[in-house]
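Only one structure is covered here, and it is reproduced in the block below.
The values are calculated or read from the model by the stated rules, or taken from the named source; none is laboratory data. Nothing here was measured: the structure is a model prediction, and the numbers come from that model. Counting neighbours? That spans all protein chains shown, and the Cβs are built from the backbone with ideal geometry, glycine included.
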């Protein structure tokens, strides 16, 4: 069992190592201390691009050069700029190398680590300004971020508990257990204004208070890590990059409500996150930071992992609890709410990963500090998975109240290829699409809801001028229809009917009456569905109908897709004046719909054309266009 003295001793030793790692300092009597540090991203995105092989290659290369005692090679969590992976950062210079390959390792070691010469061809382009390499925090992608939930991701080795302790890890739990009563903990969370980061934004302190008031000797804490939104990877990255912050947050929540057992419900398809959280639990138990009588107190708390099979509906708390109990993951009517009667009919608090990762910092720095960040009703920061048609895709954590324009154009770098911004979808399948007229609106719970969207878990998908908004609505309805558990009729049948109408419209078979039915049916599904999946499934339809109705009308009346996306409504035509007669399009066509003679303009037979687009993609002279 660790005491505060033990923690401070570990913290001092490990923190000294971390400081030297980033500053590159070498003490005179410790020649073996690392002079440079190589930080290599170990998040899923970079691992999929062989970053772990790169870690091994660095170890082998520095060993072959005889400098292994002077170079600290560290596998970290996600740095955020996922599209640029594998990412390698060398300290103390803070040089950000992107898209590093195994073949690049020897050059980095030879030139940078041995000679101090930066390998400029690998440096992240946006970090170079007037020939100088900017410190990471001054790069546009990081400059406006404020990292609380992601504070340790990319900074520490997530598989080393000592490094988490060095960053004041478990100190918040110690302070809570030795200096605060459970009611004080709950009051601190309420005063901080922390709202749930998993969807609807319910006040975290109110949820804890409700569970604490229940007169039941057995209560539970559940961490909802069932992150199922397409393109969302915030919670997974926190589990991969800073798993102990979640365990510490769970233990604090357990003390506040009187629970001695916690469960982490995480998708089995997130193997790195699963392995690291299981390792973190093992390490915390060995240190006495989970288990009986934490810090010598009367409070005991332990955590177990439960694996989910990847059902989107299990992000809903009652469906999640049914799955943990071994039942089919389907929602229950509410009330009773889980804080009153939840897992095995015991009072249960369910918070998502990001919410829990904030808790230790709230306990360390106080409610006033946290409440001073954000807006009146939306405190703190929010992590977003920024994706789609934007230059810088990846994870960003920003203060509540920042504008969409700042996130998309300053942090995200704007729209690639000189294309125009068209829309942004916030909140994933449950959210809505916003337009350019909303770019200067603040990002907070209430503003997004008032505009017909929502915060959700934090997905943010950017779309450019070539995106068909009718097709976007169809895509999300296809997803929610497929993920519906089928328990209630409005969701099971209603989403299917919505999808059928949208498919008719994208095929050029829709009518103006269909638009009225879409609107009316969406409202009814939202009002009558049992859980949040069905209640929010129509949001993409309603928001695109509201802001892009002209596109629906074009599909219905003109039988045209203005963006040239819906195959049934487009035709491919060869411009005779641009065609060089090379015949490449004819050779590529899978149905022989293109004919002509070499060095003469070719023709496309619209009766034979299956509109696959291969000719359009393969033409080197822009002679083929969509009409």
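Summary of computed values
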| read-out | value |
| --- | --- |
| Residues located in the range 16-53, provided they are under 30 Å from residue 297 (Cβ atoms) and modelled with pLDDT of 75 or more | 18 |
| Meets criteria (within 26 Å of residue 239 (Cα to Cα) and either surrounded by 14 or more Cβ atoms within 10 Å (Cβ to Cβ) or at pLDDT 95 or above (or both)) for residue 84 | yes |
| Flag for residue 414 being out of contact with any strand residue (DSSP E or B) (no Cβ under 7 Å at 6 or more places or on another chain) and not in a helix (DSSP H, G or I) | yes |
| Test result for residue 577, surrounded by fewer than 15 Cβ atoms within 10 Å (Cβ to Cβ) and either touching a residue at least 60 places away in the same chain (Cβ under 8 Å) or over 25 Å from residue 507 (Cβ atoms) (or both) | yes |
| Only listed residue being in contact (Cβ under 8 Å) with a residue 60 or more places away in the chain, touching a strand residue (DSSP E or B) at 6+ places or on another chain (Cβ under 8 Å) and surrounded by fewer than 24 Cβ atoms within 10 Å (Cβ to Cβ), chosen from 419, 377, 442, 382 | 442 |
| Complete set of residues in the range 191-206 that are farther than 17 Å from residue 447 by Cα, touching a residue at least 40 places away in the same chain (Cβ under 8 Å) and surrounded by fewer than 22 Cβ atoms within 10 Å (Cβ to Cβ) | 191 |
| Considering residues of the range 610-627 that are assigned to a helix (DSSP H, G or I) and touching a strand residue (DSSP E or B) at 6+ places or on another chain (Cβ under 7 Å) only, the residue surrounded by the most Cβ atoms within 10 Å (Cβ to Cβ) | 615 |
| Filter result for the condition that a residue is in a helix (DSSP H, G or I) and free of Cβ contacts under 8 Å to residues at least 60 places away in the same chain, over 240, 209 | 209 |
| Unique match (being under 30 Å from residue 491 (Cα atoms) and modelled with pLDDT of 95 or more) among 264, 277 | 264 |
| Residue match in the range 170-177 (condition: in a loop (DSSP other than H, G, I, E, B), at positive phi, crowded, with 18+ Cβ neighbours inside 10 Å and in contact with a helix residue (DSSP H, G or I) (Cβ under 6 Å, 6 or more places away or on another chain)) | yes |
| Residue selected from the range 113-122 under the condition in contact with a strand residue (DSSP E or B) (Cβ under 6 Å, 6 or more places away or on another chain) and not in a loop (DSSP other than H, G, I, E, B), by the criterion surrounded by the fewest Cβ atoms within 10 Å (Cβ to Cβ) | 122 |
| Check on residue 360, crowded, with 24+ Cβ neighbours inside 10 Å, in a helix (DSSP H, G or I), in contact (Cβ under 8 Å) with a residue 12 or more places away in the chain and in the same structural domain as residue 258 (by TED's automatic domain parsing) | yes |
| Qualifying residue in the range 389-400 (condition: at pLDDT 95 or above and assigned to a helix (DSSP H, G or I)) | no |
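Residue-wise test of (1) under 29 Å from residue 428 (Cβ atoms); (2) part of a helix (DSSP H, G or I).
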| site | (1), (2) |
| --- | --- |
| 232 | yes, no |
| 248 | yes, yes |
| 256 | no, yes |
| 273 | yes, yes |
| 277 | yes, yes |
| 295 | no, yes |
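Yes or no, residue by residue, for (1) buried (at least 16 other Cβ atoms within 10 Å of the Cβ); (2) within 26 Å of residue 157 (Cβ to Cβ); (3) without any contact (Cβ under 8 Å) to a residue 24 or more places away in the chain:
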site: 271; (1), (2), (3): no, yes, yes
site: 277; (1), (2), (3): yes, yes, no
site: 282; (1), (2), (3): no, yes, yes
site: 292; (1), (2), (3): no, no, yes
site: 297; (1), (2), (3): no, no, no
site: 324; (1), (2), (3): yes, no, no
site: 334; (1), (2), (3): no, no, yes
site: 337; (1), (2), (3): yes, no, no
